[in-house]
Structure formats: C-alpha cells, structure tokens
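Notes follow the structure.
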C-alpha cells in the first residue's frame, strides 16, 4: 500500500498558497486494509476513509466510466490494481491532477506543473465533458485564481460551450448549483465566476434572471457603464472588496434583477424595478433552495437600496422608516451587511470604484442614536403597550432628527 498527497494541496503548495485541506490517494489496497488499520469508512459511491488521527480523507485509487446522463451517471471501479496515474487522469484540470509521494517527488502525468507556470486552466482529457458540474467548478477556479493571472484554455472553454449546447447543464440539481455558487462567492473574484458562466452560455440555463440583465440599458448620467449586466459584475467585484461574506456578495449580485423585466419601451428608466427584484429574488431562492439568511438580506437590499442611496436627502421620518423596514435595531449585523451591499452598488459603476459613500456612516450614526433611546419609568407610567411604543417612536424620531441636524450644520461649515 502506498499513499500520495493529491489535488489541491499539491497545486497550492506549488503556487506558494496556504493549504486549506489535504487529500490523499491510496494505491494497492482494499477497503479491508484500511479499516483494519483503524480508518473510518464514509461515502456512498466509492470508499473514502478518515484517518484515525489526522481526520484527513484517504480515497482508494479509482477509475470512472460514464454510463448515464448527468453527473450521477458514473460507474466507479476501485481495486488494488488501479494505478496512481489512472486515478490522476480521471480528474478535471491538469493543475488538479498532480500527486506528491513521501519523498516529496511530484508525479505529474498530465502536465499540470507546466500549466501552473503558464497560468492556464486546462482539462485533462476528453472525458471532461462527461460531468456537467465541471462547468461550475472551472468557473469557480477561474474566480479563485484570476488575481494570479489564470485564464481558461481555449480548448477547455470550447468543451464547456459544447456541454452547454448539448443540454448537460439541465442535469444539474439545484443543491449542486447553489453549493458551487456559494463557494464561488467566497473566492477573490466572484464576478469572474458569473462572467465565465455567461461566456460558456451556462448562465442562461442556471441563472436566467441574471443573464437577462445584459443588453438592458440604464441612464448614462448615473451609470456610465450603461449596460445592467456590466453594472452587476462591477457591483459584485466591489462587494468582494468590501466584505468576505458570501451573503453580502449574493445580495449585491441580485439587487437589480427586476431591471431585466423592465419593458423596453421604458428604457433606460426602470420604474418599479425594486418590487420586481424582490419577486425574482424570492423565485430564485425557492428554485435553488437558497438558505434564508441569503434570501432575507438579498430581499432588503433589492427593496431598499435606492432609498439608502438617497439617505442624506430624506426627511428624518423617512430615515427612521428605512431602519424600521430593515429591522435594524433587532438585526444590527444584518443592517451593516445591507449597508455594505448598498455601498457596493454605488461604487460598482464605471469611474466610481473609489468614491466615498457617506450614506453608510450617516445611517450607522442614526442606528446608534435610536439604540440609545429609552423611556424612564416615569415616562412609561400610565401608558399601555401601544402607547409606550408610540412614545418610543417619537423619541427615536427626535434622535434621528438630531443626527440629521448635526450633519446639516457640519456640512455648512
């Protein structure tokens, strides 16, 4: 029995990046060999074993053969006679098809090290087309390594387009689409994930609500980039700079979905797009079974981002109403995420990348002010629950007004 470090750990070590997890391939062993040595078997489709001390995953070397449509339609063969090279050649990209032995020697039958140097994401073999999840994975790797200069090999991009044209993406389950997308949203350049899916044609199958945004114009006065699809990529890029949270990035990605359904005779205006965006976010979340924490933040950003942008011009009562609708007092962390997504929207425009967003600090100050409001026992005396609530709201409005007045006086100095 021989064990080899494989996949991402080898790739990232050669790139000089931190290794997040280590996976191993076992050659020349049967399942009974590992269980006898104390490994714990997991996995349904093929044996994967958890090391008794390190808890790292050890998989038996295996080969795969496509026998049915979709990414579940594989027949897997594992036995002691499957070689390391056979196992590596079933993988998706050359940079993921390398191994390292106990002596530190790199085993690279597919040219992965050379592609690391060239900064190329290249498929291992024609069998790449057999698994539609690879379309999402390659788009995700493009988002992960774009900042290092990686691009997708033309021949690999051609295969991805071929897979889409043959309907392979229709075999993807909602759970797997969201799993890969959520992971892509955590990468350094999540906008590259969306751009890659669009380049392959997969975006129209997987996220038709997002795909419809391309070719939809916006007023050049506010959006020098004009095209709504271009704007969305800029917003997602800005969100990635402002927050590492995937739910903030998802809210930024989906905040303008309603513009894709604006009648063309109303362009470039988009009256009422907020309500349409809310409906589409709900439909998208149901279809892909997106967790509630993502959906809820995306909904308030879709509904209220325009009001947030106008915060410095609003009456105190309207400012207070915005915070109430966002449930800011009870959910201050989510309100902060809301402000970051709105800031990404404002900065995600051509020429506005480094623009200030004073609305954010203003609304943070307002939230702090209303959180300090409290009624004394004397003020509560003789009041019912509803009356207490009304008295509190009057006091909160006074606090908001004070913040607005201070800001106005500062602005005139």
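A few comments on the model shown:
- Search result, residues across segment 127-169 that are outside any helix (DSSP H, G or I) and surrounded by fewer than 19 Cβ atoms within 10 Å (Cβ to Cβ): 149, 151, 153, 166, 167
- A single entry from 158, 127 fulfils the requirement of being in contact (Cβ under 8 Å) with a residue 40 or more places away in the chain and more than 17 Å from residue 193 (Cβ to Cβ): 127.
- All positions within segment 321-344 that are buried (at least 21 other Cβ atoms within 10 Å of the Cβ) and either in contact with a strand residue (DSSP E or B) (Cβ under 7 Å, 6 or more places away or on another chain) or part of a loop (DSSP other than H, G, I, E, B) (or both): 326, 328
- Which numbered condition residue 68 fails, given (1) modelled with pLDDT under 85; (2) in contact with a strand residue (DSSP E or B) (Cβ under 6 Å, 6 or more places away or on another chain): (2)
- Residue 124 meets the conditions (1) surrounded by fewer than 16 Cβ atoms within 10 Å (Cβ to Cβ); (2) touching a helix residue (DSSP H, G or I) at 6+ places or on another chain (Cβ under 8 Å) in every case but one. The failed one is (1).
- Residue within segment 219-241 that is touching a helix residue (DSSP H, G or I) at 6+ places or on another chain (Cβ under 9 Å), touching a residue at least 12 places away in the same chain (Cβ under 8 Å), assigned to a loop (DSSP other than H, G, I, E, B) and within 26 Å of residue 287 (Cβ to Cβ) present: no
- Criterion violated by residue 318 - all others in (1) more than 26 Å from residue 255 (Cβ to Cβ); (2) not in a loop (DSSP other than H, G, I, E, B) satisfied: (1)
- Segment 77-108, residues that are surrounded by 20 or more Cβ atoms within 10 Å (Cβ to Cβ), touching a helix residue (DSSP H, G or I) at 6+ places or on another chain (Cβ under 7 Å) and under 17 Å from residue 28 (Cα atoms): 99
- Within segment 170-213, tally of residues that are assigned to a loop (DSSP other than H, G, I, E, B) and either modelled with pLDDT under 95 or crowded, with 17+ Cβ neighbours inside 10 Å (or both): 8
- Test: residue 368 is in contact with a helix residue (DSSP H, G or I) (Cβ under 9 Å, 6 or more places away or on another chain), within 22 Å of residue 236 (Cβ to Cβ) and either in a helix (DSSP H, G or I) or free of Cβ contacts under 8 Å to residues at least 40 places away in the same chain (or both): no
- Exclusive hit being at pLDDT 95 or above and either crowded, with 16+ Cβ neighbours inside 10 Å or over 22 Å from residue 210 (Cα atoms) (or both), set 295, 393: 295
- Residue within segment 116-135 that is farther than 29 Å from residue 3 by Cα and modelled with pLDDT of 95 or more present: yes
- Where a residue in segment 311-328 is at positive phi and its partner, wherever it lies, is surrounded by fewer than 20 Cβ atoms within 10 Å (Cβ to Cβ), with Cβ under 9 Å and at least six apart: 327/334
The values are calculated or read from the model by the stated rules, or taken from the named source; none is laboratory data. Predicted model, so just to flag it, every value in this text is computed and none were measured. Glycine gets a Cβ as well: all are built from the backbone with ideal geometry, and neighbour counts include every protein chain shown.
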